[in-house]
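Q: Just dropping this structure here.
Taken together, the values in this text are just the output of simple stated rules run on the coordinates, not laboratory data. Computed from a predicted structure; not experimentally measured. All Cβ positions, glycine included, derive from the backbone under ideal geometry; neighbour counts span all protein chains shown.
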Amino acid sequence: MNLSVDFAGVRMKNPVTTASGTFGSGAEYGEFVDLNCLGAVTTKGVANKPWPGNPTPRVCETYGGMLNAIGLQNPGIDVFVDRDLPFLQKYDTNVIVNVCGRTEEDYLEVVERLASQEVQMLEINISCPNVEAGGIAFGQDPKMVERITRRIKEKAKQPVIMKLSPNVTDIAEMARAAEAGGADGVSLINTLTGMKIDVHRRAFALANKTGGMSGPAVKPVAVRMVYQVARAVQIPVLGMGGIQTGEDALEFLMAGATMVAVGTANFHNPTATADVIAGIGRFMEEQGVEDVRELIGCVR
Amino acid sequence: MGKIMTTGTVKSQEMLSPGIYSMWIQFGREENVAAQAVPGQFISMYSNEGSRLLPRPISICETDGEQGCLRVVYRVAGKGTEEFSKMQPGDSLPILGPLGNGFSLGEGKAILIGGGIGIPPMLELAKQLSRMGSQVQVVLGYRDGDLFLKEEFEPYASVFVSTEDGSSGTKGNVIDAVREHGLTGDGIYSCGPTPMLRGVKAFGEEQGIFTQISLEERMACGIGACLGCVCQSREVDGHSHVRNKRVCKEGPVFEAGEVEL
């Protein structure tokens, strides 16, 4: 039985990675899951400098989901390269570094620093809804998407995945713009902008007022968008949004994703990543599927 | 051994006062969360209802490592804790713990200050300090005369009470009670709402007493990955190199001077 896939020229032992921001750089969840068994670890977003993030409360639960407005707190590329990357490189898994920034130059600085590092892929976050400058601003205008993709591709030494926002009218248009800019893949969906009000306190649940919604409640939206994007572009799609089980992951694969990421489910179940991989394997065994690649995009 | 993800079984449950519940949770021999826990740590309790994704971080009130069980005393604050409050002996739920750092136990005379739902973690601490031979003084701050857990401290400590409405003990807050009784000590250990902790921190600084405070914050992962539950620290933190310490990982107990409240 084959679970391995090729994503933009990188061989993954299985099609499962982690959704950026939910898994740190692997150290915390490494106490519960063997990181060697993951197709890849996608890191928390890293910027050119340390970012303090937003005020608290930064997280709250919603029905079947959650909102977060962490605001991309991260230690910056220097600490990441000195501390977090060597930790991940000890494992037999691919490393996808998520890159964030406020300006194009911020992104480029990180991409250039990573050029000499043993990193298999870059994921460019142009879709974070929780930071004022940068982030989502780059991901809601196709011209900006194409432009920043092209500039990053000029400097990047690794395949580049552009992470797309669902907070747009037509996500396929953004995917086509990324492809036109030379992206090697796209990932989606980032979180949906949401809001929760605590009626007893007559106040916003999050200090940031709005936050990014994730979890199983967003999964049907995510599957639909993955399907639309997979049909609109030739580059591979990394699908995510509410995956908790192997069957959830299979929906994304059948909709056309070559890989999937497990995010919020980690908070609910620290072994969710390993459970999803096992669930895909079990399904294939039961259905007599020899190669996971047969399932990719099989529903048209 | 560290953190354990397991299933706990409800051993007993009772309502201590309206909205405040006490639950003893039994663990298996191989996954004995109770035997690993130290005072001031917490556990993540997961809902059995799939629409409630995030674990509820609940402080540990008492542990019995030999018997493999621990006690939580919690307030019903929403649907998750309401679900826990309805659980019966024999029911089970996923649990991750013990989490966080816990108090460092010092020698000498101790002042333990708990306010509201910050009172429960003081109980195991009082027990262990008293077992070490420390002289333990406990100050418990309540809203009214509903003095849950108070009697349970009495075997281990001299107990002082403050109530907001003056129905029992000192009328006012915990620091009013500390001053009224002229309490002194070598260490202060505290857990409660942030305004109370500000007062405790100021008192500790004024008296030059080493003060530890336990903080509460909204959490998602509970293990330091998501960066949801940070507090402002005086020094640059070791994780993100900003000034944000993780309440779930570097805390929940901090030396008072370490954090900005």
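Q: Using a 10 angstrom cutoff on alpha carbons, build the Gaussian network for chain A and name the most mobile of A:Asp198, A:Asp106, A:Asp84.
A: Of the options given, A:Asp198 has the highest mean-square fluctuation.
Q: Between region B:65-83 and region B:125-166, what is the C-alpha centre distance in whole Å?
A: Distance between centres, Cα-based: 20 Å.
Q: Right, next: At a Förster radius of 56 Å, what calculated FRET efficiency corresponds to the Cβ-Cβ distance of B:Gln135 and A:Met1, to the nearest 0.05? Mind dumping the intermediate values first?
A: Numbers: r = 66 Å, r/R0 = 1.18.
Computed FRET efficiency for B:Gln135 and A:Met1 comes out at 0.25.
Q: Now, a different point. Counting DSSP beta bridges in the protein assembly as shown, what percent are antiparallel, to the nearest 5? It would help to have the intermediate numbers written out before the result.
A: Details: 55 of 105 bridges.
The answer is about 50 percent antiparallel.
Q: Loop-only check: which trypsin sites (Lys or Arg not before Pro) in region B:121-178 are DSSP coil with at most 16 other Cβ within 10 angstrom? Show your work: numbers first, answer last.
A: Numbers: sites: B:Lys127, B:Arg131, B:Arg143, B:Lys150, B:Lys171; in loops: B:Arg143.
Qualifying residues, ordered by number: B:Arg143.
Q: Same structure again: Taking the Cα atoms of the protein assembly as shown, report the difference between the largest and smallest coordinate on each principal axis, in whole Å and largest first.
A: Ordered largest first, the protein assembly as shown gives principal extents of 75, 50, 44 Å.
Q: Follow-up question, since we're still on this one. Tell me the label-point distance for the pair A:Arg300, A:Glu105, using the 7 Å Cα-to-Cβ offset, in nm and rounded to one decimal.
A: Result for the modelled spin labels: 4.9 nm.
Q: Would you mind listing how long region A:144-300 runs along its three principal axes, going by Cα atoms, in whole Å with the largest first?
A: Projected onto the principal axes, the Cα atoms of region A:144-300 cover 55, 42, 29 Å.
Q: State whether region A:210-300 is rounded, prolate or oblate according to the following rule on the C-alpha gyration tensor (a ≥ b ≥ c being the square roots of its eigenvalues): a/c under 1.5 gives rounded; otherwise a/b larger than b/c gives prolate, and the remaining case gives oblate.
A: Values: a/c = 2.27, a/b = 1.10, b/c = 2.07.
Oblate.
Q: Scattering from the C-alpha atoms of region A:1-77 alone, worked out with Debye: what is log10 I(q)/I(0) at q = 0.24, 0.27 1/Å?
A: The Debye formula, applied to the Cα set alone, gives -1.12, -1.19.
Q: Using Cβ contacts closer than 10 Å as the measure, can you line up B:Met5, B:Met196 from fewest to most?
A: Neighbour counts put them in this order, fewest first: B:Met5, B:Met196.
Q: Still on this model: From largest to smallest, what semi-axes in whole angstrom does region B:186-254 give when each is the square root of 5 times an eigenvalue of its alpha carbon gyration tensor? Present the calculation step by step, with values, prior to reporting the outcome.
A: Details: eigenvalues 110, 35, 17 Å².
Semi-axes (√(5λ), whole Å): 23, 13, 9.
Q: Run the dipole for region B:1-142 about the Cα centre, Lys and Arg Cβ at +1, Asp and Glu Cβ at -1, nothing else charged, and hand back the magnitude in debye, nearest 20. Could you put the intermediate results ahead of the total?
A: Numbers: 12 positive and 12 negative charges, 50 e Å.
For region B:1-142, the charge dipole is close to 240 debye.
Q: Another question, then. Sticking to Cα atoms, compute the Rg of region B:4-99 to one decimal and its Dmax as the biggest Cα-Cα distance, whole number, in Å.
A: Radius of gyration, then largest Cα-Cα span, for region B:4-99: 12.0, 35 Å.
Q: I would also like to ask the following. Rg and Dmax in Å for region B:103-214, alpha carbons only: what are they?
A: Expressed in Å, the Cα Rg and Dmax of region B:103-214 come to 12.4, 35.
Q: Further, regarding this structure: When a/c is below 1.5 the answer is rounded, else prolate if a/b is larger than b/c, else oblate, so apply that to chain A with a ≥ b ≥ c taken from the square roots of the Cα gyration tensor eigenvalues.
A: Numbers: a/c = 1.28, a/b = 1.13, b/c = 1.13.
Taking the square roots of the gyration eigenvalues as a ≥ b ≥ c, chain A is rounded.
Q: Same structure again: Only sites in a loop by DSSP and with at most 16 other Cβ atoms within 10 Å count here; which chymotrypsin sites (Phe, Trp or Tyr not before Pro) in region A:43-108 make the cut? Could the numbers behind the result be given before it?
A: On the way: sites: A:Tyr63, A:Phe80, A:Phe87, A:Tyr91, A:Tyr107; in loops: A:Tyr63, A:Tyr91.
Sparse-neighbourhood loop chymotrypsin sites (Phe, Trp or Tyr not before Pro): A:Tyr63, A:Tyr91.
Q: Size of the dipole of the protein assembly as shown about the Cα centre, Lys and Arg at +1 and Asp and Glu at -1 on the beta carbon, nothing else charged, in debye to 20? Present the calculation step by step, with values, prior to reporting the outcome.
A: Working: 52 positive and 66 negative charges, 216 e Å.
Roughly 1040 debye, rounded to the nearest 20.
Q: Which trypsin sites (Lys or Arg not before Pro) in region A:135-217 sit in a loop by DSSP (not H, G, I, E or B) and have at most 10 other Cβ atoms within 10 Å of their own Cβ? Working shown, then result.
A: Values: sites: A:Lys143, A:Arg147, A:Arg150, A:Arg151, A:Lys153, A:Lys155, A:Lys157, A:Lys163, A:Arg176, A:Lys196, A:Arg201, A:Arg202, A:Lys209; in loops: A:Lys157, A:Lys196, A:Arg201, A:Arg202, A:Lys209.
The qualifying sites are A:Arg201, A:Arg202.
Q: For region B:149-261, give the share of DSSP beta bridges that are antiparallel, in percent and rounded to the nearest 5; count only bridges with both residues there.
A: On the way: 8 of 15 bridges.
Taking every DSSP beta bridge with both residues in region B:149-261, the antiparallel ones total about 55 percent.
Q: Where the centre of each part is set by its Cα atoms, how far does region A:236-300 sit from region B:1-53, in angstrom?
A: Here the two parts' Cα centres lie 31 Å apart.
Q: Mean shadow of chain B, computed from the convex hull of its alpha carbons, in nm²? Walk me through the numbers before you get to the answer.
A: Values: hull surface 53.2 nm².
Hull-based average projected area comes out at 13.3 nm².
Q: Rank A:Val237, A:Gly71, A:Val168 by how far each Cα sits towards the positive end of the charge dipole of the protein assembly as shown (+1 on Lys, Arg Cβ; -1 on Asp, Glu Cβ) and give me just the farthest.
A: A:Val168
Q: Still on this structure, please answer the following. Which one of A:Val223, A:Ala177, A:Phe204 has its Cα pushed farthest toward the positive end of the charge dipole of the protein assembly as shown, where Lys and Arg give +1 and Asp and Glu give -1 at the Cβ?
A: It is A:Ala177.
Q: Looking at this model, which pairs from A:Lys44/B:Lys249; A:Lys143/A:Lys219; A:Lys196/B:Lys86 are more than 21 angstrom apart at the alpha-carbon? The partial results should precede the final answer.
A: Working: A:Lys44/B:Lys249 17 Å; A:Lys143/A:Lys219 28 Å; A:Lys196/B:Lys86 26 Å.
Too far apart for the 21 Å limit: A:Lys143/A:Lys219; A:Lys196/B:Lys86.
Q: A further question on this structure: Ranked by Cβ crowding within 10 angstrom, fewest neighbours first, how are A:Thr103, A:Thr191 ordered?
A: Details: A:Thr103 13, A:Thr191 29.
Going from sparsest to densest Cβ surroundings: A:Thr103, A:Thr191.
Q: Right, something else. Check chain B for me: any Cys whose beta-carbon has no other cysteine beta-carbon within less than 4.7 Å?
A: Taking the Cβ cut-off of 4.7 Å, the unpaired cysteines of chain B are B:Cys61, B:Cys69, B:Cys191, B:Cys229, B:Cys231, B:Cys248.
Q: Which of B:Met132, B:Val10, B:Leu53 sits closest to the plus end of the dipole of the protein assembly as shown, meaning its Cα is farthest towards the positive end, when Lys and Arg get +1 and Asp and Glu get -1 on the C-beta?
A: Toward the positive end, the furthest listed residue is B:Leu53.
Q: Fewest first, what order do B:Met87, B:Met23, A:Met195 take by the number of other Cβ atoms within 10 Å? Walk me through the numbers before you get to the answer.
A: Numbers: B:Met87 17, B:Met23 24, A:Met195 14.
Neighbour counts put them in this order, fewest first: A:Met195, B:Met87, B:Met23.
Q: For the pair A:Glu154/B:Glu107, report the inter-label distance in nm, with labels modelled 7 Å from Cα in the Cβ direction.
A: Placing both labels 7 Å beyond Cα along the Cβ direction yields 6.8 nm.
Q: Scan chain A and hand back the longest stretch that contains none of the GluC sites (Glu not before Pro) lying in DSSP loops with at most 16 other Cβ atoms within 10 Å. Provide the component values of the computation, followed by the final result.
A: Values: sites that count: A:Glu118, A:Glu132, A:Glu290.
Free of exposed loop sites, the longest segment is A:133-289.
Q: For region A:131-185, what size does the Cα cloud have along each of its three principal axes, sorted from largest down, in whole Å?
A: Per principal axis, max minus min of the Cα coordinates gives 30, 24, 15 Å.
Q: Dividing the convex hull volume of the Cα atoms of region A:24-169 by its residue count, what figure in Å³ per residue is obtained?
A: On the way: hull volume 18.5 nm³, N = 146.
It is 127 Å³ per residue.
Q: With +1 on the Cβ of every Lys and Arg and -1 on the Cβ of every Asp and Glu, and nothing else charged, how large is the dipole of region B:217-261 about its Cα centre, in debye rounded to the nearest 20? Mind dumping the intermediate values first?
A: Values: 6 positive and 7 negative charges, 36 e Å.
Here the size comes out at about 180 debye.
Q: Using DSSP, restrict attention to beta bridges with both residues in chain B and report what percent are antiparallel, rounded to the nearest 5.
A: Numbers: 38 of 63 bridges.
Antiparallel bridges make up about 60 percent of those DSSP assigns within chain B.
Q: At 222 nm, what value in deg cm²/dmol follows for the protein assembly as shown if DSSP H runs of at least 4 each add -39500 (n - 2.57) and the sum is divided by all its residues, to the nearest 500?
A: On the way: 16 runs with 140 residues, N = 561.
The helix contribution divided over the protein assembly as shown gives -7000 deg cm²/dmol.
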